[in-house]
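Reviewing the structure listed below.
Read-outs: derived from the displayed coordinates by stated rules, not from any lab. Being a predicted model, the structure only gives us computed values, none of them experimental. Cβ sites come from the backbone with ideal geometry, for glycine too, and all protein chains shown count toward neighbours.
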Number of protein chains: 2
Amino acid sequence: MNHHYKQTQAIPYYLCDRNHQLTLSMLVNLLIEVSENHSAGLGREETYMNERGISWIILRYEFDIKRMPEAKEEIEIETFATEYNKLFTYRTFIVRDDKNNPLIEVKATFALMDYKSRKIVRIPAVVVEPYEALFSKRIRREIKPHEIDREQMSEKNYTVRYFDIDTNQHVNNSKYIEWLLDCLSPTFLTTHEINHGIITFDKEVKEGNEVTSRVSKRIDDKIQTDHRIDVDGISHAKATFKWTENIIKEFNNGNDQ
Amino acid sequence: MNHHYKQTQAIPYYLCDRNHQLTLSMLVNLLIEVSENHSAGLGREETYMNERGISWIILRYEFDIKRMPEAKEEIEIETFATEYNKLFTYRTFIVRDDKNNPLIEVKATFALMDYKSRKIVRIPAVVVEPYEALFSKRIRREIKPHEIDREQMSEKNYTVRYFDIDTNQHVNNSKYIEWLLDCLSPTFLTTHEINHGIITFDKEVKEGNEVTSRVSKRIDDKIQTDHRIDVDGISHAKATFKWTENIIKEFNNGNDQ
C-alpha cells in the first residue's frame, strides 16, 4: 500500500561518538536524508515544496533502539509514510544491520509550515498523494515527554552557533538532540545507552538565541531522564529517554547470537 | 610511484551550511575518512596502529579552495602520501567534481603519537612502507598561520561538549575548525567564502576544557582573518584564512562555464 523506500550505507567514523557508535543526533540526520531522497523520487523534492512556499517540519520523534550501529557498519534504512490527516503525516523508519536484523524503529510526526508566516498549514492532498499513505480523519494522540523535576534538575547553557543553522534558516533538529544529551555527565553517557526516546519540538530556535538545556533523572523500572530546552523560559523542545547500562546491553547482545 | 586511493560520494545535506555548501569542518571529516580507508586497504588500519600503541595525528592543513561542493553534489576524493621523514608524513587530497574538475587541494602533515605518553615518536619504516611515499631526510619548512592582532581582535568562549570528543579521547580536529570560524559574524560568514587556509594544531583539547577562540582581520590584497584557539592562555591551534565575497565567486563561476 504505502510507498516504501530503502537506502543502504556504511557509517563513517565522524558520525560516531567516543564509543564508536552512531550518535542519536546523527541518526536523525541520516533519517532526514533518506526521507528527502524518498520524496525526491516521488517528485516531491525541496524545489516542489519551495515553489508552493511550504516546507516539512518535524514535531515529534519516537525511537525504539535495540542497538546503535557502529562505525564502518553497513546499514539499511527503510522508510514509508503510514498515515496522514489534515494537519499531520506520520512516517516510520526501520534501520537494519547487514543480516536484515532490525536495530532501530523510529516514528516521526511531520507538519507543513508556511515559509513566510512560519505557521502550520493544512496539508494539500496533492502534496502527500504519491506516498500512498492512508488518510485518516482522526488526529493521533501521541505520548508526550514526561515533565522535568525542577526540585532536582541540572542545567547547561548554550549559544546558537553559525553552523547550527540549516538551510531552513533555523537550528537543525539534530542540534537540539546534542543540547539535550550534553546536559548529562560524560560518565553517565559513556556507560549508558538509549533504548527508547520521545522528543517533541515545540518552537524554532533561531540565530542569536541563548538556550538552556535542563535534565532530571528518575528510576521507574528503567533509568529515565526528562529534558527540556528553553529560550527565555519558554519550552522549545522536550524529551524523555529510557536507558540501560552498557554492560547489560553487551550481555544481551551475547545472548541474542 | 606513490600509492593513490580514490573514493566518490554524494554530499548529504547535513554536512552543509545554510548556503547549501559543504562546511570546512565536515570537509576535514570526509578527508580523514578517505585516508583511513586508504590505510585500511594497505593493511595499516586502526587495529594495526593500536597493536603498536601508536596513532596518527594531524599537525597542519593547507587548503586551496576553488569552490566548495554543494549539497547533493557527487565528488571524488583522491589521496596519496607524497613524502615522509623521521618525524612527519605529508599527504595530499584532491577533491574533484563529477566532470573531473579539481575543486579543492589539501596538503596535510601527519605525525605519529605514542598513545600512552601522548608524545610524537619516530616513524618506523614498516608503518609507512606500503604508501610508497618518498623518504626525504629534509624536514619541510611550512608556512605558519599569521599571528592575531591583539589590538583589534574579537573573541568567543566555548566549553568542550561530550560529542566533541572522538575515539582518540580528545577533541576531534573538525571541532577546532567550528570554533575558529564561529568567532566571525554570521553576516561575514554568509557573504564570504574561503579560498585559502592554513591551520596548525599545537596541543590536544580535552574533556572539560574551556576554550577561547580569537580572531582579527586584515586586508592584504584579499581579506584575511587570523585565528587562535587558547586553553588557559596557551595556544592549541592557529589559523589564517583568505576570503572573497560570494558575489565575486558567483561571477567567476559564470565566466568559467
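Given the pairs B:LYS116/B:LYS238; A:LYS156/A:LYS206; A:LYS72/A:LYS222, which span a C-alpha to C-alpha distance of over 20 angstrom in this model?
Violating the 20 Å limit, Cα to Cα: B:LYS116/B:LYS238; A:LYS72/A:LYS222.
What shape does chain A have by the C-alpha gyration tensor, where a ≥ b ≥ c are the square roots of the eigenvalues, rounded means a/c under 1.5, and otherwise prolate means a/b greater than b/c and oblate the rest?
Taking the square roots of the gyration eigenvalues as a ≥ b ≥ c, chain A is oblate.
Taking Cα centroids, how far is the range A:159-183 from the range B:198-212 in Å?
The distance from the Cα centre of the range A:159-183 to that of the range B:198-212 comes to 22 Å.
Defining the label point at 7 Å along Cα→Cβ, can you sort the distances from B:THR47 to the same site in each other copy, shortest first, in nm?
Here B:THR47 shows inter-copy label distances of 4.6 nm.
In nm, give the distance between the simple-model label positions of A:ILE234 and B:LYS206, each being 7 Å from the Cα along the Cα-to-Cβ direction.
4.3
Hey, could you pull the Cα Rg and Dmax for the protein assembly as shown, both in Å?
Using the Cα atoms of the protein assembly as shown, the pair Rg, Dmax is 23.6, 76 Å.
Tell me, what HN-Hα J-couplings in whole Hz come from the Karplus equation 6.51 cos²θ - 1.76 cosθ + 1.60 at θ = phi - 60° for each residue of the range B:3-16, using x for Gly and Pro?
Those phi angles translate into 6, 9, 9, 10, 8, 10, 6, 8, 8, x, 4, 6, 9, 10 Hz.
Using a Cα-Cα cut-off of under 18 Å, which aspartates and glutamates could be cross-linked to B:LYS66, ignoring same-chain neighbours fewer than 8 residues away?
Cα-Cα hits under 18 Å: B:ASP17, B:GLU74, B:GLU76, B:GLU78, B:ASP97, B:ASP98, B:GLU105, B:GLU193, B:ASP221, B:GLU245, B:GLU250, B:ASP256.
Could you give, in nm with one decimal, how far A:GLU245 is from each other copy of that position, shortest first, with labels 7 Å out from Cα toward Cβ?
Computed spacing set for this position: 6.2 nm.
Using Stokes-Einstein with the Kirkwood hydrodynamic radius over Cα pairs, what translational diffusion coefficient do you get for the range B:124-210 at 37 °C and a viscosity of 0.692 mPa s, in µm²/s rounded to a whole number? If you can, show how the numbers build up before the last one.
Numbers: Rh = 16.6 Å.
For the chosen part, D equals 197 µm²/s.
Quote the relative contact order of chain A in percent (integer), defining contacts as alpha-carbon pairs under 8 Å separated by 6+ residues.
Result for chain A is 18 percent.
Enumerate the amide H contacts of B:LYS72 below 5 Å, restricted to partners 5 or more residues apart or on another chain; note that Pro and chain-start residues carry no placed amide H.
Residues meeting the amide H criterion: B:ILE11, B:TYR13.
Could you give the nm distance between label points at A:LYS119 and B:GLN152, where each point is 7 Å from its Cα heading toward the beta carbon?
In this crude spin-label approximation the distance works out to 4.7 nm.
From the phi angles alone, apply the Karplus equation (6.51, -1.76, 1.60; θ = phi - 60°) to the range B:171-181 and give each ³J(HN,Hα) in whole Hz, x where the residue is Gly or Pro.
So the Karplus estimates, Gly and Pro as x, are 5, 4, 3, 5, 5, 4, 5, 4, 5, 4, 7 Hz.
Using θ = phi - 60° and the Karplus relation 6.51 cos²θ - 1.76 cosθ + 1.60, list the HN-Hα couplings for the range A:66-76 in order, rounded to whole Hz, with x at every Gly or Pro.
With the stated coefficients, the range A:66-76 comes to 7, 7, 7, x, 9, 3, 6, 5, 8, 10, 10 Hz.
Taking amide hydrogens as modeled 1.01 Å from N in the peptide plane, which residues meet the under 5 Å criterion relative to B:ILE223, leaving out close sequence neighbours?
B:TRP243
What does the copy distance list look like for A:SER136, label position 7 Å along Cα→Cβ, in nm and ordered from shortest?
Copy-to-copy label distances for A:SER136: 6.7 nm.
Under a 5 Å amide H to amide H cut-off, with H placed in plane at 1.01 Å, what residues pair with B:PHE88 once short-range neighbours are removed?
none
Sort all Cα-Cα distances of the range A:146-257 into consecutive 5 angstrom bins from zero, then give the percent of pairs in each bin up to the one containing the longest distance.
Here the calculated profile for the range A:146-257 is 2, 11, 21, 22, 16, 12, 8, 5, 2, 0.
Of the residues B:SER216, B:SER136, B:SER35, which exhibits the maximal mean-square fluctuation in a Gaussian network model of chain B defined by a 10 Å Cα contact cut-off?
The residue that fluctuates most here is B:SER136.
Could you give the dipole magnitude of the range A:141-232 about its Cα centre, charging the beta-carbon of Lys and Arg +1 and that of Asp and Glu -1, in debye to the nearest 20?
With only Lys, Arg, Asp and Glu charged at Cβ, the dipole is about 100 debye.
Tell me the label-point distance for the pair A:LYS137, A:ASN2, using the 7 Å Cα-to-Cβ offset, in nm and rounded to one decimal.
The modelled label-to-label distance comes out at 2.2 nm.
Straight-line reach only, C-alpha to C-alpha below 26 angstrom: list the lysines that A:LYS137 could link to, leaving out same-chain residues fewer than 8 apart.
Excluding near neighbours in sequence, the set is A:LYS86, A:LYS107, A:LYS119, A:LYS203.
Report the relative contact order of the range A:60-191, percent, no decimals, based on alpha-carbon pairs under 8 angstrom and at least 6 residues apart.
On the way: 158 pairs, mean separation 25.2, N = 132.
Computed over the range A:60-191, the figure is 19 percent.
Once you list every other residue whose beta carbon is under 9 Å from the beta carbon of A:VAL127, what net charge do they have if Lys and Arg are +1 and Asp and Glu are -1?
Values: positive: A:ARG44, A:ARG52; negative: A:GLU129.
That works out to +1.
Calculated from DSSP H runs of 4 or more alone, at -39500 (n - 2.57) each and per residue, what is the 222 nm mean residue ellipticity of chain A, nearest 500?
Theoretical 222 nm ellipticity from helices: -6000 deg cm²/dmol.
For the protein assembly as shown, with only Lys/Arg (+1) and Asp/Glu (-1) charged at the beta-carbon, what is the dipole magnitude about the Cα centre, in debye rounded to 20? Working shown, then result.
Numbers: 72 positive and 84 negative charges, 100 e Å.
About 480 debye.
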